[in-house]
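The values are calculated or read from the model by the stated rules, or taken from the named source; none is laboratory data. Since the model is a prediction, treat every value here as computed from it, not as a measurement. Neighbour counts are summed over all protein chains in view; Cβ atoms, including those assigned to glycine, are modelled from backbone coordinates with ideal geometry.
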Amino acid sequence: MSDSSPFGEPDPDGEEPFGAINFFVQDLMRMFTSGSAGPWEQAYQISASVATEGQAEPNIDPSARLDIEALTRVAELHVSEVTGLGAEAPVTIEALNRTQWARRFLDDERSLLEGLSDSIGAAVRAQLQQFQQEPDSESMFGVPGLPYEQMMQQMMAMLGPMMLGVMAGGTAGQLAIRAFGCYEFPLPRPENRSIPLVLTNIDSFAEAWSLPVDGIRLWVCVSDVAHHRVLAIPHVRNQLLSLLDAYVSSFNTDPDEVERRIRDLDLGDAEFGSEPELEILQNLTSNPDLLLGAIQSDRQRLLMGQITTLVATIEGYVDWVVDVIGTRMIPDFARITEALRRRRVEATAANRYLERLLGLELSQATFDLGSAFVDGVITRAGSDALEQLWLDENSLPTRADMDAPGLWLARIGIESTEMEIDELGDLDIPDYPDLDL
């Protein structure tokens, strides 16, 4: 599967997920004089182009859809049995192609993507407003007869919708190239919506790794049903959404601070010469990591810690559920699990960039933190104690609890059979008496 950029080829190291996104300076003025579709229609078009990599894409075979429906019923039955988490309506998993999945992602995550685009757009607009030019001089973008002030006003008006269409569409398309299901990122989904799978990607992965297709499909269904059940718990859903919304709305919009950070960054060949604003824009938009570094705020760094704690808890629990069910249900489970869990921490540069935009940290360390916590709880109090995780918001572990499962058990009133010495904190241990006295 290709990891090509939605707006151009990545560099040889694959570290520029949106390598040619400097469309801001290349195509902006063209948009002033031509009609264009709304930002969401642009996003749909871009996502489809990126997801299919310009190739025709067939629909999913009806028999494959029926197979997924049958596996969903199996997964739902066993997840309910292991977790005790049920729902009024049955879970529906829908097999889609990449284009369909990308469009569904845009529809399902519309609110979050709009907030993200608005926040980043505000930061960029604040910086653009700092740029100064002689009132009667030619525009820096080389548009004859267009006064600079008028050009800037038009550009500001178009910047937000343009960023939304291109950022959201490119993101959805890139994810569709690689995604198995909708929980590549543990984002709460709209209620009463089906779970979309990219069946082509799942089956291609099974073939590439010489793994049983039905086993891979069932593994993904179990994982997505388990994610769906946990993220449908009202206080879990609300807390994660609140943290994500706070993160995406907290990018730094102070133009002086952003400018200081920009000038502290490595902007390649930019020498801040006669047209420093043009050089800054070209460098920032060609390397979004630089832009992100310039506008990330201190508050976001604090929020990332809270998001990571909650996500690690969810992922550790889901991994345990998958292990319990998979061990007894899925042939060649150990090999499938090794392949799939290696895959999730070998994401593309585009995936990693989106993680940082949303405040997620889906590294091996995050998954290990969640698994170690769940294992620690089971060792001390048995698997039944895990049901207490989801009772209410106060039962969710803190970062300190994650490092010391025995303390979490004590906090919620469950007797622990053992406790590590380092979970006891600082103890005042007296010296041995001097027996010679």
Contact list please: Cβ distance under 9 Å, first residue in the stretch 351-372 and on the phi > 0 side of the Ramachandran plot, second residue of a type in the set (F, W, Y), pairs at least six apart or on different chains. G359/Y247
Candidates G376, G382, G359, filtered to the one that is more than 30 Å from R299 (Cα to Cα), modelled with pLDDT of 85 or more and touching a helix residue (DSSP H, G or I) at 6+ places or on another chain (Cβ under 7 Å): G376
Enumeration of residues in the stretch 236-265 that are surrounded by 16 or more Cβ atoms within 10 Å (Cβ to Cβ), modelled with pLDDT of 75 or more and not in a helix (DSSP H, G or I): S250, F251, N252
Filter pass, R380 being touching a residue at least 60 places away in the same chain (Cβ under 8 Å), in a helix (DSSP H, G or I) and basic (K, R): no
Report the residue count in the stretch 357-388 for those that are farther than 20 Å from C182 by Cβ and within 23 Å of the chain's Cα centre (by Cα). 9
What pairs come out if I take residues in the stretch 82-99 that are within 10 Å of E69 (Cα to Cα) and pair them with residues that are of a type in the set (G, A, S) and in a loop (DSSP other than H, G, I, E, B) whose C-beta lies under 7 Å away, six or more apart or interchain? T92/S194; I93/S194; E94/S194
Those residues of the stretch 203-219 which are touching a residue at least 12 places away in the same chain (Cβ under 8 Å), assigned to a helix (DSSP H, G or I) and touching a helix residue (DSSP H, G or I) at 6+ places or on another chain (Cβ under 6 Å), in sequence order: D203, G215, I216, R217, L218, W219
Does the stretch 310-331 include one or more residues that are among the small types (G, A, S), at pLDDT 65 or above, part of a helix (DSSP H, G or I) and surrounded by fewer than 16 Cβ atoms within 10 Å (Cβ to Cβ)? no
Somewhere in the stretch 217-235, is a residue aromatic (F, W, Y), within 15 Å of the chain's Cα centre (by Cα), modelled with pLDDT of 90 or more and under 21 Å from D323 (Cβ atoms)? no
Looking only at the stretch 332-353, how many residues end up being crowded, with 17+ Cβ neighbours inside 10 Å and assigned to a loop (DSSP other than H, G, I, E, B)? 2
Only helices (runs of 4 or more DSSP H) wholly contained in the stretch 14-132 count here; list those with 2 or more residues that are crowded, with 19+ Cβ neighbours inside 10 Å and at pLDDT below 90. 39-52, 110-128
Residues of the stretch 193-213 being at pLDDT below 95 and either at positive phi or of a type in the set (D, E, K, R) (or both), which ones? R193
